[in-house]
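In what follows, a structure is listed as structure tokens, so that the remarks can point back to it.
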Amino acid sequence: MSGLTASTEEIARLEAVVAERGAKVREMKTSGADKAAVDAAVAELLEGKKQLALAKGEEWPPKKEKKSGKGGKEAAADESKEGEQKLSKKQLRILQKQKEAEERAAKAVSDAAALSDRFAELPLIQSREISDRVWTRVEDLADKAGSSVWVRGYLYTSRVQGGSAFVVVRQGIHSVQAVAFKGDNTPKAMLKFIEGISRESVVDVFGEVQETPEPVTGTTMSGVELKLEKIFVVSPAHPVLPFNLEDASRPEEEEGKEGDDKKTITVGTDLRLDYRWVDLRTQTNQAIMRIKSTVCLLFREFLSKRGFIEIQTPKLLGGASEGGAEVFRFKYFGREGCLAQSPQLYKQMCAACSGFERVFEVGPVFRAENSNTHRHLCEFTGLDFEMAIKEHYFEVLDVFSELFIYIFDGLNERCKAEQEIVQRQFPFEPIQYLRPSLRLTFAEGIKMLQDAGVEDVDPMGDLTTANEKLLGRLVREKYGTDFFILDKYPLAVRPFYTMPCPENPELSNSYDLFIRGEEIVSGAQRVHDVDLLVSRAEACGIPVHTIQGYVDSFRHGALPHGGGGIGLERVVMLFLGLNNIRKVAMFPRDPKRLSP
């Protein structure tokens, strides 16, 4: 049917579309593309030609002119006569072929639409709509046998062989295998699509959960798998990853070993940290960060149940909170400022001077130590608490003892799966601890070292790292515990706000807590008397005017109090027996690293 012609610009556009689609069909035929795909392209070409004809006001489909040497009247008579006669076999065959071609084209269009509903790269998700899809967590699949589910995750591995595809989808610490086999429900084009998806791409998969006759190796959900029906790419990953996650997940003792005619690849610490967002995807790192999160949760739970309230204190200070040179300084609107080395001064103000009595905080701590060791960071997470005491600072030690027993018990109860995952890559011995926690005096610790043959230990000085580790081994051998409290440190090695020991002024009411021979907590009873506080600050070389607000807070009545600060990363590192604190810091900050 003819109609009004379109604009010149529209006709030109449609001619370009037809030309482009024609070129595409020729290219597909030349390259031997799949027949269904070619038929779909032909259907698109015909549709383009139709739109072009209508735009020009021409009939569609175009009529074929009959070749005849007869005049008009004779031709009309012949046509009338032919219409009355039956079609010849040849004409019937031609009509049948035309009909089949039309059906194939229609089917190609239908199949193409159906395939796009089975596998494709999705358009950018911009929160345009909300579907009725119900998403299932991978860890919940064991109870979903017989159900069809949607799962979103990272494509960890994929293998396409012959007419089958095996895909492992990872979600957090859990993973599941999805399988597809060539047939009516899985066309060849779908297998090719799966083969082309790059590792670590974000994918949506849909399929029926099936129990497996044999355990699936290499996945956490070893008893089930997905019969893959649909797969869509949500966010494609660059085909070249900075490193292979399988290499990054290999047990340390296997790194660099010869095997299968090739040497296993070692992923170095710097490379991991340069691409930390990729490194954090490994199952081990996922487990470590979940354990770390649980420590914070248990810390909050325990103290909240015992009347503590959580506070948030400033990190921009006018003077050092701990004294010494280990402070990051900066210009603060023309004045000198520094980053908080701890929430020490403010948590004391809140607990002892502001009537809160029991407070805790989870927050960043900054130390400008140029220490490139396995246990030092320039920024770490502090778990601090401060509490008023009635008579003796042992009230604080009781809380510390109960707190860590609660944390250790909680990790063993709530994070069994995560600990097993870490064990596979970084084997460690489970931590041993006593109820109540072991307490030793600093003098008793010194004697244990001396009895073990250590000569260069100063009874009035601090312990070296080597002596702390040795003491940890000695304590484990003698008392059967990896966790203990060392009390009554020399006053000279403690901060200015530490309460001196009443029996011996050279000692202090202070303590450190250890796991596997490494310090995780430093704490003490604090000075709450103004005159003593000023004299202690001056003795430690701290200009009183830089902490005047802190000192003044004790002039209006202050409760006797004590507390301590816990290094979160050290607790997790030592609980898991890891050899480097950078493995538990999400984005580590040390003297050599300020990114990502």
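The values are calculated or read from the model by the stated rules, or taken from the named source; none is laboratory data. Computed from a prediction, not measured in an experiment: that's the story for all the values here. Positions of Cβ are backbone-derived with ideal geometry, glycine not excepted, and every protein chain shown enters the neighbour counts. Quick note on the areas: whole protein, heavy atoms, side chains included, nothing else; ligands and nucleic acids left out. Shrake-Rupley method; radii C 1.70, N 1.55, O 1.52, S 1.80 Å.
Taking Glu395, is it at pLDDT 95 or above, open to solvent by 50 Å² or more (accessible area, probe 1.4 Å), in contact with a strand residue (DSSP E or B) (Cβ under 9 Å, 6 or more places away or on another chain) and not in a loop (DSSP other than H, G, I, E, B)? Answer is yes for this residue. In this structure, Glu229 does not satisfy being touching a residue at least 24 places away in the same chain (Cβ under 8 Å), acidic (Asp, Glu), crowded, with 16+ Cβ neighbours inside 10 Å and assigned to a loop (DSSP other than H, G, I, E, B). Whenever a residue of segment 1-26 is open to solvent by 100 Å² or more (accessible area, probe 1.4 Å), its partners that are at pLDDT 70 or above and not in a helix (DSSP H, G or I), lying with C-beta atoms within less than 8 angstrom and at least six residues away or across chains, give the pairs Met1/Glu59; Met1/Trp60; Leu4/Gly57.
If you go through segment 330-384, how many residues are at positive phi and free of Cβ contacts under 8 Å to residues at least 24 places away in the same chain? Result for segment 330-384: 3.
Here Gln450 passes the criteria (1) in a loop (DSSP other than H, G, I, E, B); (2) open to solvent by 20 Å² or more (accessible area, probe 1.4 Å); (3) farther than 30 Å from Leu345 by Cβ; (4) polar (S, T, N, Q) except the one numbered (1). All conditions but one from (1) more than 33 Å from the chain's Cα centre (by Cα); (2) of a type in the set (Lys, Arg); (3) more than 24 Å from Lys488 (Cβ to Cβ) apply to Arg367; the one that does not is (1). Only one of the listed residues (Asn504, Asn509) is of a type outside the set (Phe, Trp, Tyr) and either open to solvent by less than 30 Å² (accessible area, probe 1.4 Å) or closer than 30 Å to Glu139 by Cβ (or both). That residue is Asn509.
For (1) touching a Phe, Trp or Tyr at 6+ places or on another chain (Cβ under 7 Å); (2) at pLDDT below 80; (3) closer than 24 Å to Lys188 by Cα; (4) outside any helix (DSSP H, G or I), each residue gets a yes or a no:
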residue	(1), (2), (3), (4)
Glu20	no, no, no, no
Arg26	no, no, yes, no
Thr30	no, yes, yes, no
Val42	no, no, yes, no
Glu74	no, yes, no, no
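Within segment 307-335, being farther than 18 Å from Phe380 by Cα, surrounded by fewer than 19 Cβ atoms within 10 Å (Cβ to Cβ) and at pLDDT 90 or above holds for Gly307, Ile309, Glu310, Phe330, Lys331, Tyr332, Phe333, Gly334, Arg335.
The listed residues are Glu246, Glu301, Glu253, and the only one of them that is at pLDDT below 95, charged (D, E, K, R) and either over 20 Å from Ile197 (Cβ atoms) or not in a helix (DSSP H, G or I) (or both) turns out to be Glu253.
Residues are listed down the side, and each one gets a yes or a no for (1) surrounded by fewer than 22 Cβ atoms within 10 Å (Cβ to Cβ); (2) out of contact with any Leu (no Cβ under 7 Å at 6 or more places or on another chain); (3) acidic (Asp, Glu):
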{"residue": "Pro490", "(1), (2), (3)": "yes, no, no"}
{"residue": "Val527", "(1), (2), (3)": "no, no, no"}
{"residue": "Leu576", "(1), (2), (3)": "no, yes, no"}
{"residue": "Leu594", "(1), (2), (3)": "yes, yes, no"}
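Given the structure, is Thr269 among the β-branched types (Val, Ile, Thr), open to solvent by 50 Å² or more (accessible area, probe 1.4 Å) and within 23 Å of the chain's Cα centre (by Cα)? Taking the combined requirement at face value, the residue satisfies it. Residues that are charged (D, E, K, R) and surrounded by fewer than 21 Cβ atoms within 10 Å (Cβ to Cβ) were ranked within segment 552-569; the one that is farthest from the chain's Cα centre (by Cα) is Arg555. Applying the selection to segment 478-488, what residues are more than 20 Å from Leu403 (Cβ to Cβ) and either surrounded by 22 or more Cβ atoms within 10 Å (Cβ to Cβ) or over 38 Å from the mean Cα position of the chain (by Cα) (or both)? Matches in segment 478-488: Lys478, Lys488. Each residue in segment 171-226 was checked for being among the β-branched types (Val, Ile, Thr), without any contact (Cβ under 8 Å) to a residue 60 or more places away in the chain and either closer than 27 Å to Ala33 by Cα or not in a loop (DSSP other than H, G, I, E, B) (or both), and 7 pass. Just checking, does segment 221-236 include any residue being farther than 30 Å from Gly207 by Cα and not aromatic (Phe, Trp, Tyr)? No, the conditions are met nowhere in segment 221-236.
Would you call Cys338 modelled with pLDDT under 95, among the hydrophobic types (A, V, I, L, M, F, W, C) and surrounded by fewer than 22 Cβ atoms within 10 Å (Cβ to Cβ)? Taking the combined requirement at face value, the residue satisfies it. Screening Lys99, Lys81 for residues that are among the charged types (D, E, K, R), more than 35 Å from the chain's Cα centre (by Cα) and modelled with pLDDT under 70 leaves exactly one candidate, Lys81. Can you list residue pairs whose Cβ atoms sit under 7 Å apart, with the first residue in segment 280-294 being within 17 Å of Phe380 (Cα to Cα) and the second being aliphatic (A, V, I, L, M) and open to solvent by 30 Å² or more (accessible area, probe 1.4 Å)? Count only pairs 6 or more apart in sequence or on different chains. From residues that are within 17 Å of Phe380 (Cα to Cα), the pairs are Met289/Met586.
Matching residues to (1) open to solvent by 80 Å² or more (accessible area, probe 1.4 Å); (2) over 18 Å from Thr217 (Cα atoms); (3) at pLDDT below 85:
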residue: Ser127; (1), (2), (3): yes, yes, no
residue: Val149; (1), (2), (3): no, yes, no
residue: Gly153; (1), (2), (3): no, yes, no
residue: Ser158; (1), (2), (3): no, no, no
residue: Ser175; (1), (2), (3): no, no, no
